[in-house]
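Q: The structure follows.
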Amino acid sequence: MPARSTLLAPSILSADFTRLKESIDLATQAGADWMHCDIMDGNFVPNITFGPFIVQAIAACTSMVIDTHLMIADPDRYIEDFVKAGSHQITVHQEACPHLHRTIQFIKSLGVKAGVSINPGTPVSTLESVLQDLDLVLLMSVNPGFGGQKFIPSAVGKIAQLNEMRLQENPGMVIAVDGGITEENAQMVVSAGADALIAGTAFFKSADPAGTAAKIRAMTR
Ligand code: DX5
Ligand code: ZN
């Protein structure tokens, strides 16, 4: 596979919400590829964030890809609202979708990219039957619910395993990794097979967000 740069997706969760537009501009100016929006419902995960109304405001501030990560129970109820709000890609959790194949088809029928995320405790093999239908897989490297957690090392083996699986089934599928990414561990994650890195704390709490973004985006396999 030819070397290509890493996609960077700052997670707005770690931004200063009293200065939302400035935070988004910071990411846009740093050359970030996606704006990662973490949606939590206080049910699937033990935290509550924001809904389509805020995603719509974020989308109005940038031409970046709006990457919406639904950490919510029964996501089918809200997928359409998040698409209407301006999401370009919608990721649901495998653990929250009893009819995962149907949910993926539903997302695609709305004209946006479909992703599935798995928690650290969920094996990659649970994605086998839907892999060929996916635009992206979001591998969690922390237990979802909060920004600023420590990277769980077992994620690295899962990235490599998923990378092997996609070569057979769906080479164009993007592997994104979410949680505890730092300038220090990013290269290891990319080398294992990740194409896109979600970075909340590492980007927004960096003393030099543009420098951090440039370093991560320059990483290749
Ligand atoms: C965790 C979220 C992540 C989180 C990443 O539940 O899905 O996107 O915001 O934040 P950091 O990079 O601080 O781990
Ligand atoms: Zn996320």
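Q: Return the residue satisfying two criteria in turn: it lies in the stretch 1-11 and is open to solvent by less than 50 Å² (accessible area, probe 1.4 Å) and of a type in the set (Gly, Ala, Ser), and of such residues it is farthest from ligand 1 (Cβ to nearest atom).
A: The extreme case among them is Ala9.
Q: Ok, one more. Looking at (1) under 18 Å from Met35 (Cα atoms); (2) more than 16 Å from ligand 2 (Cβ to nearest atom), can you tell me which one Ile198 breaks?
A: Here Ile198 clears every test but (2).
Q: Residues in the stretch 120-146 that are within 14 Å of ligand 2 (Cβ to nearest atom) and touching an Asp or Glu at 6+ places or on another chain (Cβ under 6 Å): how many?
A: Total satisfying the criteria: 2.
Q: Does at least one position in the stretch 147-157 carry a residue that is within 16 Å of ligand 2 (Cβ to nearest atom) and out of contact with any Ser or Thr (no Cβ under 8 Å at 6 or more places or on another chain)?
A: Yes: the stretch 147-157 contains one or more residues that are within 16 Å of ligand 2 (Cβ to nearest atom) and out of contact with any Ser or Thr (no Cβ under 8 Å at 6 or more places or on another chain).
Q: Look through the stretch 38-61, keep the residues that are of a type in the set (S, T, N, Q) and under 21 Å from Arg19 (Cβ atoms), and return whichever of them is least open to solvent (accessible area, probe 1.4 Å).
A: That would be Thr49.
Q: Also, quick follow-up: Take Ala9 and tell me if it is within 18 Å of Ser206 (Cα to Cα) and within 16 Å of ligand 2 (Cβ to nearest atom).
A: Considered against the rule, which asks whether it is within 18 Å of Ser206 (Cα to Cα) and within 16 Å of ligand 2 (Cβ to nearest atom), Ala9 comes out as yes.
Q: Hey, can you tell me all the residues within the stretch 20-42 that are of a type outside the set (A, V, I, L, M) and within 17 Å of Ala196 (Cβ to Cβ)?
A: Thr28, Gly31, Asp33, Trp34, His36, Cys37, Asp38
Q: May I pose another question? Out of (1) touching a helix residue (DSSP H, G or I) at 6+ places or on another chain (Cβ under 6 Å); (2) farther than 22 Å from Thr62 by Cβ; (3) open to solvent by 60 Å² or more (accessible area, probe 1.4 Å), what's the single condition that is false for Pro123?
A: Against the list (1) touching a helix residue (DSSP H, G or I) at 6+ places or on another chain (Cβ under 6 Å); (2) farther than 22 Å from Thr62 by Cβ; (3) open to solvent by 60 Å² or more (accessible area, probe 1.4 Å), Pro123 comes up short only on (1).
Q: Yes or no: the stretch 201-219 includes at least one residue that is within 16 Å of ligand 2 (Cβ to nearest atom), more than 23 Å from Leu127 (Cα to Cα) and of a type in the set (Gly, Ala, Ser).
A: yes
Q: Is there any pair linking a residue in the stretch 159-175 that is open to solvent by 80 Å² or more (accessible area, probe 1.4 Å) to one that is of a type outside the set (A, V, I, L, M, F, W, C), with Cβ under 7 Å and at least six apart or on different chains, and which?
A: Note: pairs meeting the criteria are Glu169/Gln132.
Q: Go through Met71, Met35, Met64 for me and flag whichever is touching a residue at least 60 places away in the same chain (Cβ under 8 Å) and open to solvent by less than 50 Å² (accessible area, probe 1.4 Å).
A: Sole residue among the options that is touching a residue at least 60 places away in the same chain (Cβ under 8 Å) and open to solvent by less than 50 Å² (accessible area, probe 1.4 Å): Met71.
Q: Considering only residues that are more than 16 Å from ligand 2 (Cβ to nearest atom) and touching a residue at least 24 places away in the same chain (Cβ under 8 Å), look in the stretch 12-22 and name the one that is most open to solvent (accessible area, probe 1.4 Å).
A: The selected residue is Lys21.
Condition check ((1) out of contact with any helix residue (DSSP H, G or I) (no Cβ under 8 Å at 6 or more places or on another chain); (2) farther than 18 Å from Met140 by Cα) across all residues:
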position	(1), (2)
Val45	yes, no
Gly51	no, yes
Thr62	no, yes
Arg77	yes, yes
Asp81	no, yes
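Q: Oh, and also: Looking at (1) over 13 Å from the mean Cα position of the chain (by Cα); (2) open to solvent by less than 20 Å² (accessible area, probe 1.4 Å), which is the one condition that is false for Gln132?
A: Result: Gln132 passes all but (2).
The values are calculated or read from the model by the stated rules, or taken from the named source; none is laboratory data. Everything numeric here is computed off the predicted structure, so don't read it as measured data. Because the Cβ atoms are built from the backbone with ideal geometry, glycine has one as well, and the counts that use them run over all protein chains shown. All accessible areas refer to the heavy atoms of the entire protein, side chains included, with ligands and DNA or RNA removed. Shrake-Rupley method; radii C 1.70, N 1.55, O 1.52, S 1.80 Å.
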